[in-house]
Amino acid sequence: MRPYECQNCGQMLYFENTRCMGCDASLGYLSQPLLLSALEPAGNDLWRPRADPEREYRYCDNHRYAACNWMVPSDHPSQWCAACDLNNTVPDLGKEEHVRLWKKLEVGKHRLVYALLRLGLPTVSKEVDPERGLEFDFLADPDTVEFKETEKVMTGHANGLITINIAEADDVERERQRKTMAEPYRTLLGHLRHEVGHYYWERLIHDTDWLQPYRDLFGDESEDYSEALERHYKAPRADWPEYFVSCYASCHSWEDWAETWAHYMHIVDTMETAYAYGLQLNPRFTTGDRFVAGVDFDPYVHDDFDQLLDAWFPITYAVNSLNRSMGQPDLYPFVLAQPVLDKLRFVHRVIRG
């Protein structure tokens with residue numbers, strides 16, 4: 001994610017900001033052209049963005065919960081923005097704890113939608129396209145305080161509907177689940193990227209010319225899913241690091257795709273941040289320049305996947321070193337074997353195509 005700049009005073013802004021810390025201007029995000037803008041009041045709860053002064057906008061209806069800073073054109077029929085319009089169900093917002101967790105989910109979902117828009121992927125809601133649209137259910141377990149991965153509300157995807165248990169937004173519970181599942185990495189944004197990967201498998205791979213090349217890399221998706229999952233939880237593959245981006249990816253072809261898709265989105269979005277900050281690496285080693293790298297291209301529109309990887313790996317070494325200097329675990333706890341790189345390259349080809 002790129003940083004933004006206040007059009008009034010030049011203050012650096014973050015994607016989720018609603019007010020400028022420099023000049024106190026109200027801020028709103030425009031999904032077209034993907035820009036955070038200072039706002040000027042236009043009366044009747046309408047605003048004129050400095051980035052689009054000829055049009056009037058209103059805040060998305062979820063702004064009243066401090067859950068969204070995106071804008072809706074004043075003549076648009078929906079009360080919700082391009083990101084919130086994808087919501088099918090949200091938890092009971094009469095409960096304070098639900099609101100707190102849901103707001104965290106919205107942060108991740110808005111970042112996800114930003115990336116999908118930048119990649120030029122279809123983000124049509126099921127209200128517009130009931131058969132092929134995308135929507136989200138953010139649900140809470142009824143009458144329970146303890147989240148369990150295998151009970152009640154299950155995080156997952158089915159026919160374009162992505163369901164997320166809001167307990168995933170509780171940092172303590174999510175960390176407990178990460179340890180229980182022996183995962184090196186578990187975040188809300190990671191969940192969303194993984195589940196949307198299942199959706200885009202249906203949109204981009206199923207019944208297309210990509211299906212056979214997909215099977216050549218990821219295996220046969222027609223394998224019984226329930227049996228594969230049961231087998232995985234009983235005895236995970238010990239050799240998974242040689243072929244898969246994660247242990248979970250080894251359980252079934254679909255999960256391998258979704259995990260690889262999510263990882264591709266991790267890479268591209270992190271690289272965009274490096275690009276926006278003009279990050280250059282030139283380690284002070286005594287010999288060689290293999291870790292010298294510069295991100296001088298926008299990864300969201302860049303065609304050369306190998307060039308992206310050439311810049312990516314030095315960045316991961318640097319950020320992991322920074323984290324270790326702060327006594328924190330590695331920010332990027334992954335080692336990518338050649339089969340994983342081939343799968344990531346395939347995801348890149350599908351999206352760029």
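Helical content alone sets the calculated 222 nm signal of the chain at -12000 deg cm²/dmol, taking -39,500 (n - 2.57) per DSSP H segment of four or more residues and averaging over every residue. Could you give the distance between the Cα centres of the range 279-351 and the range 176-209, to the whole Å? Between the Cα centre of the range 279-351 and that of the range 176-209, the gap is 21 Å. With a threshold of 31 Å on the Cα-Cα distance, the over-threshold entries among Lys179/Lys343; Lys126/Lys179; Lys126/Lys234; Lys103/Lys343; Lys126/Lys343 are Lys126/Lys179; Lys126/Lys234; Lys103/Lys343.
Fully extended, how many nm does the chain gain between Glu183 and Asp298 (0.36 nm per residue separation, minus their Cα-Cα distance)?
Details: separation 115, 0.36 × 115 = 41.40 nm, distance 3.03 nm.
So the chain would gain 38.4 nm between Glu183 and Asp298.
Of the options (1) 28, 53, 19, 1; (2) 26, 59, 15, 0; (3) 22, 35, 21, 18, 4, only one is P(r) over Cα pairs in 20 Å bins from 0, in percent as computed from these coordinates, and that is (2).
Where in the range 153-178 does the amide nitrogen come within less than 20 Å of the point 7 Å from the Cα of Leu121, taken along Cα to Cβ? Backbone N within reach: 155-165. Among Thr180, Thr316, the order of accessible area from largest down is Thr180, Thr316, computed with a 1.4 Å probe on protein heavy atoms. Taking 0.36 nm per residue of separation and subtracting the Cα-Cα distance, full extension of the segment from Arg64 to Leu93 would add 9.3 nm. For the range 220-277 versus the range 71-144, the inter-centroid distance based on Cα atoms is 25 Å. Where is the GNM fluctuation largest for the chain (alpha-carbon springs, 10 angstrom cutoff): Arg193, Arg100, Arg284? Maximum among the listed residues: Arg284.
GNM on the chain, alpha-carbon springs under 10 angstrom: the most fluctuating residue among Ala311, Ala38, Ala228 is Ala228. Per residue, the range 50-110 exposes 49 Å² of accessible surface when a 1.4 Å probe is rolled over the protein heavy atoms with every protein chain present.
The label-point distance for His206 and Arg349, in a model that sets each label 7 Å from Cα toward Cβ, rounds to 2.3 nm.
For every other residue with a beta carbon closer than 11 angstrom to the beta carbon of Thr260, add +1 if it is Lys or Arg and -1 if Asp or Glu, then tell me the sum. Result for the neighbourhood of Thr260: -1.
The fraction of accessible area contributed by carbon and sulfur in the range 269-353 is 51 percent, rounded to a whole number (1.4 Å probe; ligands and nucleic acids excluded). Place a point 7 Å from the Cα of Thr18 along the Cα-to-Cβ direction; which residues of the range 64-85 have their backbone N under 13 Å from it? Counting backbone N atoms under 13 Å from the label point, the list is 64-71.
The values are calculated or read from the model by the stated rules, or taken from the named source; none is laboratory data. What you see is a predicted model, and the numbers here were worked out from it, not measured in a lab. Cβ sites come from the backbone with ideal geometry, for glycine too, and all protein chains shown count toward neighbours. Note: areas computed on protein heavy atoms with side chains; ligands, DNA, RNA excluded. Shrake-Rupley method; radii C 1.70, N 1.55, O 1.52, S 1.80 Å.
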